[in-house]
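Where a number appears in this text, it was derived from the coordinates with a stated rule and is not lab data. Here the structure is a predicted model, which means the values were calculated and not measured. Note that we place each Cβ from the backbone using ideal geometry, even for glycine, and neighbour counts take in every protein chain shown.
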Amino acid sequence: MTSGKNLRLLGREKGPGRQPTIQEIIVDLQREIEQGLAVYSEQELAILERKLAEYETLLERMLSH
């Protein structure tokens, strides 16, 4: 079932020509995670949560330099 899922964030589909900013990716990930098990499997939610943590860490490191 893929209805309502953001396949780009799951790494299953290429995104648009323009690369989103890190902040945009974080917002998108948060929005998708909020949909929870109604849309995503537990495994997919774990992927999204891991990516969110990675992007938040990356942003924090970039802003601290």
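Just one of the listed residues (E49, E13, E60) is acidic (D, E), part of a helix (DSSP H, G or I) and over 9 Å from the mean Cα position of the chain (by Cα), namely E60. If you go through the stretch 16-46 and keep only what is part of a loop (DSSP other than H, G, I, E, B) and touching a residue at least 12 places away in the same chain (Cβ under 8 Å), you end up with V39, Y40. The set of residues in the stretch 48-62 being surrounded by fewer than 16 Cβ atoms within 10 Å (Cβ to Cβ) and of a type in the set (A, V, I, L, M, F, W, C) consists of A53, L58, L59, M62.
G36 meets all of the listed conditions (1) surrounded by 11 or more Cβ atoms within 10 Å (Cβ to Cβ); (2) under 20 Å from S3 (Cα atoms) but one, namely (1).
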